[in-house]
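Here is the structure we will look at, set down as structure tokens.
No lab work stands behind these numbers, since they all come straight from the coordinates. The structure displayed is predicted, hence computed values, not measured ones. Cβ coordinates were reconstructed from backbone atoms using ideal geometry, including for glycine residues, and neighbour counts include every protein chain displayed.
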Amino acid sequence: MNYDIAIIGGGIIGLSTAWNIQNKFPQKSITILEKEPQIAQHQTGHNSGVIHSGIYYKPNSKKAKTCRAGIFLLEKFCKINEIPFKKCGKVIVATKHEELPNLQKLYENGKQNNLQGLEIIQKDQLREIEQNTAGIQALLVPETGVVDYTKVSQKLAEIIEKNGGKIQTGFRVTEIKCEHKRFILRSSNEEITANFLINASGLYSDRIARMASVQTEIQIIPFRGEYFRLNQEGEKLVNTLIYPVPNPSMPFLGVHFTKNIAGEVSIGPSAVLALAREGYRKMDIQPTDLAEILTTPAFWKLIKQIGKFASGEILRSFSKKAFVKAAQKMVPAITTNHIAEFESGVRAQAISKDGQLLDDFAIVQVENQIHILNAPSPAATASLAIGKSIADLIH
Ligand SMILES: Cc1cc2nc3c(=O)[nH]c(=O)nc-3n(C[C@H](O)[C@H](O)[C@H](O)COP(=O)(O)OP(=O)(O)OC[C@H]3O[C@@H](n4cnc5c(N)ncnc54)[C@H](O)[C@@H]3O)c2cc1C
């Protein structure tokens, strides 16, 4: 079967891209190839479920622009398709005086990114919102929300199929050939051809790019994010979303409290190196993935830069007590009795040749192929805008 466009990856980015292309070019034939038996089984189905406001991202970056545009598109999509979401707001809490300058910088950054209703609040006002926090000052971010990204993805898949698109699950792309400007995509037992290729394969996006003969210096390093869940007693201590002031040199937001759309409260995620690209458990090791990480010079350069941060994260990963201690900085009443292990997710974090964590989204076009090589958080929030920007690259 020959398609106008083949998309590798049935996560929220691949799905949003297909939906946006269908909206722009209803006549084009599209297929999504997904290796799992169902869509949204990786980053899209294992995240915090937060609709990010755009406060953290560098003004004018792709992250800032698509996150802001994405919120609007996502909320509209949810309303039309009756997917529950909540604009619950969040507080970013400073617990030490040293954190106040960074809190102020975040406020200014948010203003530059056009966030509405931002406010620096003092202790008493913070206590009115979150009675159990220990902050000395906080940033109130009313535009933050929560949603279930798996539900959003399932609805996108339903519409794509209704519009004539074909989602082929259980199709792991293992070989890509290009002959006379047409791609031949093979799994172990199937083959399709396409005139245009889009790589939205998340944790495998660098490998898929190389498979398609696109030379990229970007390497994906998997970072596992582990969560704990509060029990019923613990849930009473948290009303909405409570975040720490993040380390400005890291793309991770720090251990935070999230009351998701189902009303469950999670604490996390941590950020520890995963020893397999889909290593959801501590002991999941994939020898090829591990060997690749350890033999990449850029990885060792990265470790040199983030060694101290990484050791703190590893400690919290192996010690429930250390994890609780980090959470207690914001909510002192939390104890180990309130929490139980929850799920984890693995982030596809791209690094450059010189070992820098790539901050912004990275989308590369080479003739009739587009590769999404870095789409970490807030890519779920921004997904509908990212998909639109990719559809705009196609003529
Ligand atoms: C712990 C964690 C917390 C996060 N929290 C948030 C949040 O609160 N808000 C937010 O906006 N973002 C959040 N994110 C980020 C967000 O989840 C991701 O940016 C987004 O889901 C990326 O979507 P994707 O489609 O690119 O990747 P994925 O969802 O990983 O999809 C890629 C797909 O490609 C498939 N695939 C890979 N290789 C092949 C192959 N060879 N053949 C066929 N298929 C293949 C995979 O099976 C997978 O389904 C979080 C991420 C993590 C991990």
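Listing for the model above:
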quantity	calculated
Cα centroid separation - region 37-97 against region 292-363, whole Å	20
Full-stretch length increase - MET1, LYS353 - with 0.36 nm per residue and alpha-carbon distance subtracted	122.9 nm
Approximate spin-label separation ALA310-GLU264, in nm, with each point projected 7 Å along Cα-to-Cβ	3.1
Neighbour-count ranking [beta-carbon atoms within 10 angstrom, fewest first] of SER187, SER266	SER187, SER266
Potential extension, SER213-GLN27 segment - 0.36 nm per residue separation minus Cα distance	64.1 nm
Share, in percent, of DSSP beta bridges within the chain that are antiparallel, nearest 5	70
For region 102-156 versus region 255-269, the gap between their alpha-carbon centres in whole angstrom	14
Segments 58-68, 370-380 sorted - mean Cβ within 10 Å per residue, highest first	370-380, 58-68
Cα-based helix-to-principal-axis angle, 297-318 vs the chain, degrees rounded to 10	50
Leading residue at positive end of dipole, the chain (Cβ point charges), from HIS395, ALA18, ASN109	ASN109
Region 1-135: relative contact order in percent, alpha carbon pairs under 8 Å with at least 6 residues between	20
Crossing angle, helix 379-391 versus the chain [Cα axis fit, 0-90 degrees, rounded to tens]	30
Potential extension, GLU233-GLU175 segment - 0.36 nm per residue separation minus Cα distance	15.8 nm
Rounded tilt (10° steps) of 149-162 against the dominant C-alpha axis of the chain	20
Expected 222 nm ellipticity per residue - DSSP helices of 4 or more, -39500 (n - 2.57), all of the chain, to 500	-10000 deg cm²/dmol
Residues with amide H under 5 Å from that of CYS178, placed H, sequence gap 5 or more	ILE184
Among 11-19, 113-121, the order from most to least packed when residues are scored by Cβ within 10 Å on average	11-19, 113-121
